[in-house]
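As structure tokens, the structure follows; a few thoughts come after it.
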Amino acid sequence: MSNLSSASELEPVIWTREPAQEPLDANDGALKVVRDLIRDGKRTQLVELLKRWDPIDVMQLLTRLRLKHARKLFQWLPANPSIKVVAELRPEFRSILMEESTLDQFRDILAGLDPEDAIEILNEFPDDVADQLIARLPDVEDIGTRASYADDTAGRVMARKFVALPETCTAGEAVSQMRAEANRIRKIFTVYVTDATGKLTGTVEVGKLLLAPSETPLGKIMNRDFVVVSADTDQEEVLRLARKRDMRTVPVVSGDGVLIGRVTPKQLTRIASEEANEDMLLMSGVSAEARSDDTVFRIVRGRLPWLLTGLVGASVAATVVGSYEDQLAEAAILAAFIPVIMSMAGNAGLQASAVAVQGIATGALWTGDIFFRLMKELVAALFNGAIAGSILCCLVLIASTVVPIDDPFRLALATSLSLLCVTTLAAMVGATIPLVLDKIGIDPAMAIGVFITSSNDVLGVLIFFLMATTFYLG
């Protein structure tokens, strides 16, 4: 909570921290004061009022203001607070808030900073905004090297600040070095041990370092069984590795093994959030680049390909249904079961594929475990299909006592067997496709949505009519 008053005649303004970006009525008074100051052009009073607020509180205030007022306030804020506020903003809001004049303002700020500090700040921005800032700093070589790494790689998100010491350095000397670096590096979780050429030879966790006798060389207490990633490693693979090995930070090395950076806990959390959002969009049949502030053209361009893919799948399913026109004419009641079969196929496939994608994303699905997992999916699908088929069989028989149905026992057999086969096959397809896509280097989240739904719709109606032809009309 922030509770401050300006040096002028302003009354104390209270801002209550809002949970999960949920607006609180208690902050309406503070919003009114800020809006009035912005409209009246009282920059000095407003900056004085907000200069000691926590960046999170200022961020929440910005998101509650109208966009034109938020831009104005952001331009008024001094350089250091404004950078901290931007770091707290959601990426999509930062992109809306920042405009040409703001980018020029940040260019001037970054040009006057130490390259390592500038790079760390750039890591706080969305990639597209960071690229624009880098383009405005052509003379700053150290900052420009960031652009040499591809998007979504370890080199793009790594922090260049770390503590690296030789093996002969003692624990006491290492602790002293950590204290000396405290202002430059805000949080130190791991001390890296390197040789004379800068190559990583071991790691020492801070807790272990503090407990060791001060005269102990790092070479005796360091962990030699460490894991590193290269600068061009995909950030999703970095996250997967960190989760699998329970690593708080992940060291990044160059092609010849020289330590060049580390992926911090904050960046790992951000990667997890970005990947989850991307997977959610892909699973919904939306482009991973979609944003809430997209123009109509970008919305159409991002969604139309997925919709057309779904249209192709639905057209194929309609063609299958049309090829059994004679069977439908002979027994029109079969049409009533088509939605049931398609719905069950889609749901079974989506459930299995969602679990597979989650397992791949978290690293819980190991190569040696794949066969066992698929067998579990098969057995579970058989049980689910058998139970659902039995219930549908009973419903058909019950319905036959109320509605005239020709040969209800054979119809119940055909529909229940169809449901058993469709559920089982859809689950196996849903569990397998993400694994195949992952092996060939395609985001497995793409399997969920139109691909699984469309393929299972086609397979579902095909199996249903084959069963109906064999057991009911045959």
* Structure fact -> Within the stretch 387-445, restricting to residues that are in contact (Cβ under 8 Å) with a residue 24 or more places away in the chain and among the charged types (D, E, K, R), the one that is surrounded by the fewest Cβ atoms within 10 Å (Cβ to Cβ) is ASP406
* Kindly list, by first and then second residue, each pair from a residue in the stretch 345-358 that is under 15 Å from LEU420 (Cβ atoms) to a residue that is surrounded by 24 or more Cβ atoms within 10 Å (Cβ to Cβ) and of a type in the set (D, E, K, R), limited to pairs with Cβ atoms under 9 Å and residues at least 6 apart or on different chains. => ALA345/ASP457
* Asked: Is the stretch 264-284 home to any residue that is in a loop (DSSP other than H, G, I, E, B), modelled with pLDDT of 85 or more and in contact with a Gly (Cβ under 9 Å, 6 or more places away or on another chain)?
  -> no
* To do: Test ARG184 against the stated conditions and say whether it is touching a helix residue (DSSP H, G or I) at 6+ places or on another chain (Cβ under 6 Å), of a type in the set (Lys, Arg) and at pLDDT 70 or above.
  => no
* Asked: Does the stretch 179-196 contain any residue that is assigned to a helix (DSSP H, G or I), of a type outside the set (Lys, Arg), loosely packed, with under 15 Cβ neighbours inside 10 Å and outside the structural domain of VAL355 (by TED's automatic domain parsing)?
  -> yes
* Asked: Which one of the conditions (1) in contact with a Leu (Cβ under 7 Å, 6 or more places away or on another chain); (2) within 30 Å of GLN358 (Cα to Cα); (3) crowded, with 18+ Cβ neighbours inside 10 Å does LEU200 fail to meet, given that it meets all the rest?
  -> (2)
* Asked: If you go through the stretch 209-252, how many residues are closer than 26 Å to THR170 by Cα, not β-branched (Val, Ile, Thr) and not in a loop (DSSP other than H, G, I, E, B)?
  -> 9
* Asked: Picking from GLY255, GLY202, GLY261, which residue would you name as being farther than 30 Å from LEU307 by Cα, at pLDDT below 85 and not in a helix (DSSP H, G or I)?
  -> GLY255
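The values are calculated or read from the model by the stated rules, or taken from the named source; none is laboratory data. A quick note: this is a predicted structure, and the numbers were derived from the prediction, not measured. Methodologically, a virtual Cβ is constructed for each residue, glycine included, from the backbone with ideal geometry; neighbour enumeration extends over all protein chains shown.
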